[in-house]
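Visitor: To start, I am sharing the structure in question, which I have written as structure tokens.
Readers should treat all values here as calculations from the given coordinates under stated rules, not as data from a laboratory. Not measured: the values here are computed from a predicted model. Neighbour counts run over all protein chains shown; Cβ positions are idealised from the backbone, glycine included.
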Amino acid sequence: MKVANILEHKGAAVYAVKSDDTVAEAVAVLNERNIGAVLVMDEEDAIVGILSERDVVRKLGSKGASVTAMSVRDCMTPSPFTCSPESTVNELMEEMTRKRIRHLPVVNGAAVVGVVSIGDVVKRKIDLAEQEAKALKEYIAAC
């Protein structure tokens, strides 16, 4: 199973902010869209960073409530890891676990084509296991 299949099922919506937006503006996007991370894009729509809930909480812990007035550039994770539509679910699980990340932008060449979360990956893995179990039950019942 590949990332392209995950995007087919969940959709390929990409939500982004600019690096000079405030953290408060970015948090509003996270809240409004009910997502855990937002991409940080430049004027040419290239990824320059990712801002996750975890990034915001860490800054809150060290800077307090003033973090909301900070620019996204001062809170984001710059140059995030990415994957391609051809990456497999197993590759993503391994990569996300090893690097302790929860969101990966999906890029095809220079174009951002989606974002996958660890939840998307786990859900797809569970769906595959359930499909395999069902197929095995049907096979056994037919014997």
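Visitor: Which one, Asn34, Asn90, Asn108, has the greatest fluctuation when you compute a Gaussian network model over the chain with C-alpha springs under 10 angstrom?
Guide: The residue that fluctuates most here is Asn34.
Visitor: Mean separation of Cα pairs under 8 Å and 6+ residues apart, divided by the residue count of the stretch 2-73: what relative contact order is that in percent?
Guide: 35
Visitor: I want to verify the translational diffusion coefficient of the chain in µm²/s; compute it with Stokes-Einstein, Rh as the Kirkwood radius over Cα pairs, at 4 °C and 1.567 mPa s.
Guide: 79
Visitor: Kindly put Cys75, Cys143, Cys83 in sequence by how many other C-beta atoms sit within 10 Å of each C-beta, fewest to most.
Guide: Cys143, Cys83, Cys75
Visitor: Could you tell me the distance between the Cα centroids of the stretch 8-32 and the stretch 69-118, to the nearest Å?
Guide: 14
Visitor: In addition: Calculate one ³J(HN,Hα) per residue across the stretch 121-129 by plugging θ = phi - 60° into the Karplus curve 6.51 cos²θ - 1.76 cosθ + 1.60, and present them in order as whole Hz with x for glycine and proline.
Guide: Whole-Hz 3J(HN,Hα) from phi for the stretch 121-129: 5, 5, 4, 5, 5, 5, 4, 5, 5.
Visitor: Now, a different point. Taking the Cβ-Cβ separation of Asn5 and Arg33 as r and a Förster radius of 25 Å, what is the calculated FRET efficiency to the nearest 0.05?
Guide: 0.65
Visitor: Something else now. Pairs Lys10/Lys137; Lys63/Lys99; Lys10/Lys125: which are spaced more than 21 Å apart, C-alpha to C-alpha? Display every interim value, and only then the final one.
Guide: Numbers: Lys10/Lys137 28 Å; Lys63/Lys99 25 Å; Lys10/Lys125 14 Å.
Table pairs above 21 Å Cα-Cα are Lys10/Lys137; Lys63/Lys99.
Visitor: Positive end of the charge dipole of the chain (Lys, Arg +1 and Asp, Glu -1 on Cβ, about the Cα centre): tell me which of Val56, Thr97, Asn108 has its Cα farthest that way.
Guide: In the chain, that residue is Thr97.
Visitor: When the dipole is taken about the Cα centre of the stretch 3-142, and only Lys, Arg (+1) and Asp, Glu (-1) are charged at their Cβ, what size is it in debye, to the nearest 20?
Guide: Charge dipole, the stretch 3-142, about its Cα centre: 620 debye, nearest 20.
Visitor: What are the ³J(HN,Hα) couplings of the stretch 89-97, residue after residue, when phi is run through the Karplus curve with 6.51, -1.76, 1.60 and θ = phi - 60°? Round to Hz, x for glycine and proline.
Guide: The phi angles translate into 4, 5, 4, 5, 4, 5, 5, 5, 5 Hz.
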